[in-house]
Structure formats: structure tokens, C-alpha cells
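These notes concern the structure reproduced below.
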Amino acid sequence: MAIALSQQYNRACTDLNQPVNQFIEVMFRQYTSTLKICGNNRLVAVKRVTDEDFLAISRVLKENNFITNLDLRFNNLTNNGAAYIAKFLQDGCSLFHLNLMGNDIEIDGAGHIAKALHRNDTLRSLRMTGNKIGNKGAMFFAAMLQINSTLEALDLGDCDLGIESLIAFSTVLKQNDSIKSINLNRPLFYVLQEDTTNHIARMLKVNNTLKEIHLSKHEMTDSGVERLCEALHENRTLKYLDLSCNKITRDGVKCLANLLKTNAVLEILDLTSNRMEDEGAIYLAEAIHSYNHSLRALAIVSNNITGQGLKALAAAIKVNKGLEYIYIWGNVLDEDACLAFSELLLTGRLSASSTDVQPCMVDGRVYLAELFHGLKKHYYWTPSYGIADDPVCNSSLTIINDHTS
């Protein structure tokens, strides 16, 4: 069957009077239900997919509806390619998952794809990550969510969203009951304000479908976190909250700790690259030690925490058996921190696969070395060897899949 697919591709190229892309031909020989034609593949010689290449790919896919996952990340697809993709989505395609990360699709291309999804009832997840669709392009997707009732995951991270589109998504998601995961990472703000956070908070207060939201690089401050926490006290569905790379200090973390004392739903909290310091870590430790039993993964990488805060967290983890994953690299790993976490690892309370450090002995003293483990290490790329979605490097996928399997 693999040979047949490559032959079908060659025939499609002949019919379209276009040259065969040898990279695509090789990928058609390596398919499962997933077809990965990633432009950043480092294991084979890559000639990136162009707009015209997609026409031939779509012909093969129409004849083989068992392929339900198409990965076209980091290729050379432009607005014209997006128009071809839109037509394919409208013509009764069988795809459940489509990854267009890191292409050259802009506003018009976003409009083509979003309008196609008005009528498509098969696609479950779409990743547009890194395509510079801007505020106007994002508005097309917000409008689409008012009509489409089957899409469950939408990733618009690094797409240059603006204030207007963030407010539009916040408004639409008050009513949409199909989206379970949305990524709104790294919008472009030209003024420092919390208006968008306030709108997102009001949405989370009433939304009862969303399970995962990514709000990294939103310039969010403690006051914004306070608004989010007020809303999340009434939310009973959100399981994954990503607030990485913001401007959250100990006061914002105190609000999150108070939320964890009563929240029995949240399972993954990502606070990477904020500035909680020891006081914030101690607030979290108190909540984890005595109150919260639902949190399964906590990322506090690069938060300027010293041994005092990390030792408090380690003590909490000893007591709370429900917290399976914790990531601490990038903090001040002094002797107290090294001893506390080496004890967790040596006693078996933490496994080597559930954290991003491992103990090592140098000149009679315990240190912690970094491991390439985390919530989503393979978000932007796939490794040259090993498992592409290795749960050790992508623990958030493991936790999320526990609910879908």
C-alpha cells in the first residue's frame, strides 16, 4: 500500500504537469494514519512543500481517507496554498488534524481557511502557529467559531494577534461549546494594559467546555492574574493553564495558590519564566502540601527561586502524592535545593522522567544537572532521533491523553 501511495502521488504530478518532489514521495512511503511532510525534518533530504505541491498531495488524500492527520509544518505554503487547502477542506476531506505551523500564510490565507471551516465538519484540530495572519486574520477565525461546531483545538500562537482579536475570541468562547483547547500565545501589544486579560477572565467564568488555554507572553501582571483567579474560582472544566513568560511576581502567585486551595480541576500549571521568587514558591508549597490534590504537573522554570523556596516545594511534594511532574531548572540551585530534590529522586518520590534535573556528585557535593524534560519540549520541532512525542519530554500530552483515551 505504501508503494501504491507514492505511485498515486507520481501520477497526480503527471496529471498536473508538475515535477515530483522527492521528499514528498519518500514521506508517502512512511505514512500511517498520520502523514508527516515536515519542512524541518533533519533525517532525510528536504525540499519544502510549495503551493503547487499541495495540489498533488490533496489528490492522493482524497483517494485515501484513512489518512486523518496531516503535518505540513515549516514549509513554503503561502496564501495561494491556503486557498488550495481551503478547497480541500470544503470538498469532504477526512482529516481530523491539520498542522500548518511555520508557513508563510498571511491575512488572505487565514480568511480562506477560516471560511472553509464554516462548512467543514470533520476537522478536530488546527495549528496555524507562527503564520503571520495578524489581527485581521485572527478575526476570521473568531468569526468561524460562531459557526463551526466540530473544531476542538485551535492554535494561533505566535500569529501576531492583536487586542481586538483577543477580545473577539473571549466573546465568542462565551457561547462556543466545542473548543476544548486554544493557544493565544504571544500577541502583539503596543500599550501595557490588562484589558484583554479581563475579557479572557470573564469568558473563563462562564465557559464550561474549555480544558486548555495558553496565554504565554501576554505581558500579564499580578493584577491580571488576580482577575483570572477570580474567574477560575467559578470554572469547573479548565485543566491546563499556561501563564509562562509573563510578568507575574509573588503577589500574582499568591492568588494562584489561593485558587489551588479550592480548585479541584486544574491539573497542569505552567509558570515558566516569571518572577515568583522564594515567597511565591512558598505560597505554592503551602497549597500543594495541605489543600490541593488535583494538580499533576507544575512548571516553575526560571523564576529566581533559591533553596529556601525549592526546599519548601520539595517538602510539599513528599506529602502530596498526586503531583507527578515538576520542572525547576533555571532557578538558583544552591546546596539546599540540590539536597532536597536529590532526596526526592533517590527515594523514588520523583522518577527521573518526571522532572528536569538529576543529581550528580562533584568533589563530594551534590549538584543537579539538567535533563531535557518538560511539559512540551517538542512543541516547535521534532527530534532527529527517538520518539517524536516522547512523554518524557512532553508530559502535558500524557496527562491530556489520559482523558481522551
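The values are calculated or read from the model by the stated rules, or taken from the named source; none is laboratory data. Here the structure is a predicted model, which is why all the values come from computation and not from measurement. Methodologically, a virtual Cβ is constructed for each residue, glycine included, from the backbone with ideal geometry; neighbour enumeration extends over all protein chains shown. The area values use the complete protein model at the heavy-atom level, side chains included, leaving out ligands, DNA and RNA. Shrake-Rupley method; radii C 1.70, N 1.55, O 1.52, S 1.80 Å.
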| note | If we ask which residues in the stretch 353-384 are within 27 Å of Ser216 (Cβ to Cβ) and not polar (S, T, N, Q), their number turns out to be 17
| So how many residues does the stretch 241-271 have that are free of Cβ contacts under 8 Å to residues at least 60 places away in the same chain and either more than 17 Å from Leu215 (Cβ to Cβ) or in a loop (DSSP other than H, G, I, E, B) (or both)? | 20
| query | For the stretch 278-291, how many residues meet the condition of being open to solvent by 30 Å² or more (accessible area, probe 1.4 Å) and part of a helix (DSSP H, G or I)? | reply | 6
| remark: Restricted to the stretch 339-352 and to residues being in contact with a strand residue (DSSP E or B) (Cβ under 9 Å, 6 or more places away or on another chain) and small (Gly, Ala, Ser), the residue most open to solvent (accessible area, probe 1.4 Å) is Ala352
| request: With the condition kept exactly as written, say whether any residue in the stretch 217-237 is in a loop (DSSP other than H, G, I, E, B), open to solvent by less than 10 Å² (accessible area, probe 1.4 Å), over 21 Å from Ala138 (Cα atoms) and not small (Gly, Ala, Ser). | output: yes
| Counting just the residues of the stretch 178-213 that are assigned to a helix (DSSP H, G or I) and among the charged types (D, E, K, R), which one comes out modelled with the lowest pLDDT? | Asp195
| Lone qualifier among Asn120, Asn103, Asn80 - being of a type outside the set (Ser, Thr, Tyr), surrounded by fewer than 19 Cβ atoms within 10 Å (Cβ to Cβ) and within 27 Å of Ile147 (Cα to Cα) | Asn80
| said: Please pick out the residue among Ser294, Ser273 that is open to solvent by 10 Å² or more (accessible area, probe 1.4 Å) and touching an Asp or Glu at 6+ places or on another chain (Cβ under 7 Å). | reply: Ser294
| Ala142 being open to solvent by less than 10 Å² (accessible area, probe 1.4 Å) and over 21 Å from the mean Cα position of the chain (by Cα) | no
| query | If you check every pair at least six apart or on different chains, which have Cβ atoms under 7 Å apart with a residue in the stretch 192-216 that is of a type in the set (Ser, Thr, Tyr) first and a residue that is at pLDDT 95 or above and open to solvent by 70 Å² or more (accessible area, probe 1.4 Å) second? | reply | Thr197/Arg227; Thr209/Asp177; Thr209/Lys180
| Criterion (under 30 Å from Arg236 (Cβ atoms), modelled with pLDDT of 95 or more and open to solvent by 20 Å² or more (accessible area, probe 1.4 Å)) met by exactly one of Phe96, Phe169 | Phe96
| Within the group Ile67, Ile57, Ile37, Ile24, which residue is buried (at least 19 other Cβ atoms within 10 Å of the Cβ) and touching a Ser or Thr at 6+ places or on another chain (Cβ under 7 Å)? | Ile67
| remark: In the stretch 245-260, residues that are closer than 18 Å to Gly309 by Cβ and open to solvent by 10 Å² or more (accessible area, probe 1.4 Å) total 6
